[in-house]
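Q: Got a structure for you, written out below as structure tokens; questions coming shortly.
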Amino acid sequence: MLLQLLLPTRCVVCRLPADELCAGCRDRLPRIREPLCGRCGAPTAWPVERCRECAGRRLAFRSARAAVAYDVAVKALVSAWKERGLRRLATVAADLVEEAVARPARTPVLTFVPPDGDRSLERGHHPPERLARELGRRWDLRVEPLLKRARPLQQQRGLSLAERRVNVRGAFAPTGRAPPRVVLVDDVYTSGATAAAAASELRKAGARRVDVVTMGRAVR
């Protein structure tokens, strides 16, 4: 109680005294709603199987779905969760995903984009894994680390789409045989390059269908 008086918890978005994300900021987060692209999950004017963002691309995943658009508020939330180590925000992220994404049908396993060793040591936790395990608990699905880093990865931030694809090429490797259906969890879907590269390795390891679930998504 004394610590809360001396150092009150503040909302990571508006900075007013509150829990990590106050009710007002949470309600204002831009939810991603239908109609969507059937493949990559981008918001569209009407339902389509492939949109301009993913048409012509070879995507190893069957579908990608996200809860909220990656705007300034969501960026602040993700930054606090990843860089400032506010681990309890994994619960907020799982709440948002659970509101927007139905429990995967006929999929026994959740996995996650694997951590970069150095970055995870700095942060002390790995947000995609924490989100996967929170969703696994809610959806009653097991979580398995089906992927590992095959080499160090340059940060994707600031890279063009083409540079992102090159950057993640060969960055992941399977840890063993993958089940036929897998849901791959990450924190944010930006260009789809990371999700596609990770899904490709899961397919090589035996998965016949990979679906991607993230909390945030860049909307162009």
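What follows is calculated from the coordinates using simple rules that are stated; it is not laboratory data. Given the structure is predicted, the values throughout are model-derived calculations rather than measurements. Reconstructed Cβ throughout: ideal geometry from the backbone, glycine too, with neighbour counts over all protein chains shown.
Q: Starting from the Cα of Ala100, move 7 Å in the Cα-to-Cβ direction to define the label point; list residues of region 52-88 whose amide nitrogen is under 18 Å from there.
A: What the label zone holds, given the 18 Å backbone N cut-off, is 53-54, 62-82.
Q: State, to one decimal in nm, how far the label point of Glu83 lies from the label point of Glu49, with both points 7 Å from Cα in the Cβ direction.
A: Going from the Glu83 label point to the Glu49 one covers 4.1 nm.
Q: Separate question: Could you work out, for the chain, what percent of all Cα-Cα pairs fall into each 5 Å distance bin, beginning at 0 Å and stopping at the bin that holds the largest distance?
A: Spelled out bin by bin, the chain gives 1, 7, 14, 19, 20, 17, 11, 5, 2, 1, 0, 0 percent.
Q: Restricting to DSSP H runs of at least four residues, report the calculated mean residue ellipticity at 222 nm for the chain, -39500 (n - 2.57) per run over all residues, nearest 500 deg cm²/dmol.
A: One gets -9500 deg cm²/dmol as the mean residue ellipticity at 222 nm.
Q: Explain nothing, just the number: relative contact order of region 31-217, from Cα pairs under 8 Å at least 6 residues apart, as a whole percent.
A: 26
Q: With the dipole of region 31-217 worked out from charges on the C-beta (+1 for Lys and Arg, -1 for Asp and Glu) around the Cα centre, which of Ala64, Val101, Ile32 lies farthest toward the positive end?
A: Of Ala64, Val101, Ile32, it is Ala64.
Q: Using a Cα-Cα cut-off of under 24 Å, which lysines could be cross-linked to Lys148, ignoring same-chain neighbours fewer than 8 residues away?
A: Partners found: Lys82, Lys204.
Q: Could you work out the longest stretch of the chain that avoids the GluC sites (Glu not before Pro) located in DSSP loops with at most 12 other Cβ atoms within 10 Å?
A: Answer - 84-220.
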